[in-house]
Amino acid sequence: MNDLTFNWITETPNVPALVNFFLQNVDEKYISFGEYQSNLATPGKGWATDIEQKLLLQMQTLVANAKSPNPKALLAEAKLQTTLQAIAVVRFNLEGPFRSAHLEDIVVARQTTTQGTGTKFLNWLESECRLRGATHLTLETGATNNHAAQFFTNRGFTPISVVRIKQL
């Protein structure tokens, strides 16, 4: 995995391929509060029926805003030569005393989950967030996504809250 490269995505031609990559490498365990907030999923029902269109619009917007002087969110990729290995969405909140970046999504190709791709990509993302002025990196994992929870715990993340939901 020495040939892994990491980049913020600033061009839109490959956005449909990024959407397909996301959909091929996540399951319902991936769903967390962030997916509900962004209408990508519905509590008790799973992924939105129009998730592909919603992801396409979300990613196109991220890429379109990537070249602005201080983007609030960015889309990143990890590639092994020309093959996509992982993608991530990072949202920045760099004003006020708690200057943070929030890792909204990180999706690693299923076939590379034990090869260090996720760790290397996360290390790069952390470094990039520090360079932009973040002092903390936050994230959420789905309530039943034990593999992801353990992955992040092993890399220094600690739980700070539990989100609960009730339909009204």
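Electrostatic tally near Val26: other residues with Cβ closer than 15 Å to its Cβ, Lys and Arg +1, Asp and Glu -1, net -4. Size descriptors for the stretch 120-168: radius of gyration and Dmax over Cα atoms are 13.3, 42 Å. Around the amide H of Gln85, modelled in the peptide plane, lie the amide H atoms of Ala78, Lys79, Leu80, all under 5 Å away and 5 or more residues distant in sequence or on another chain.
So if a site counts as exposed when it's one of the GluC sites (Glu not before Pro), its DSSP state isn't H, G, I, E or B, and it has at most 12 other Cβ atoms within 10 Å, what's the longest stretch of the chain without one?
Values: sites that count: Glu11, Glu95.
The segment 12-94 is the longest one with no such site.
Total lysine pairs in the chain at Cα distances under 22 Å, for residues eight or more apart or on different chains: 9. Whole-Hz Karplus values for the stretch 108-115 come out as 10, 3, 3, 6, 10, 5, 10, 10 Hz, taken residue by residue from phi with 6.51 cos²θ - 1.76 cosθ + 1.60 and θ = phi - 60°; glycine and proline positions read x. Reported value for the chain: 130 Å³ per residue, from the convex hull of its C-alpha atoms. Normalising the average separation of contacting C-alpha pairs (under 8 angstrom, six or more residues apart) by the number of residues puts the relative contact order of the stretch 4-153 at 25 percent. Couplings for the stretch 144-156, taken from phi via the Karplus curve 6.51 cos²θ - 1.76 cosθ + 1.60 with θ = phi - 60°, read 10, 8, 5, 4, 5, 4, 5, 4, 6, 4, 5, 10, x Hz in order; Gly and Pro are left as x.
The string of couplings for the stretch 50-65 from the Karplus curve (6.51, -1.76, 1.60, θ = phi - 60°) is 9, 4, 4, 5, 5, 5, 4, 5, 4, 5, 4, 5, 4, 5, 4, 8 Hz, one whole number per residue in order, with x for Gly and Pro.
For Asp105, nonlocal amide neighbours, meaning residues 5 or more places apart or on other chains whose placed amide H falls under 5 Å from its own, are Val89. Note on the chain: with charges restricted to the Cβ of Lys and Arg (+1) and Asp and Glu (-1), its dipole about the Cα centre is near 340 debye. For trypsin sites (Lys or Arg not before Pro), the sites in the stretch 56-121 that DSSP calls loop and that have at most 16 other Cβ atoms within 10 Å are Lys67, Lys72, Arg99. Calculated FRET efficiency, Asn123 to Lys45, Cβ-Cβ distance, R0 = 35 Å: about 0.50 to the nearest 0.05.
Read the figures in this text as sums done on the coordinates, not as results from a lab. It should be emphasised that the depicted structure is a prediction, and the values quoted were computed from it without experimental measurement. Note that each Cβ is placed from the backbone with ideal geometry, even for glycine, and that neighbours are counted across all protein chains shown.
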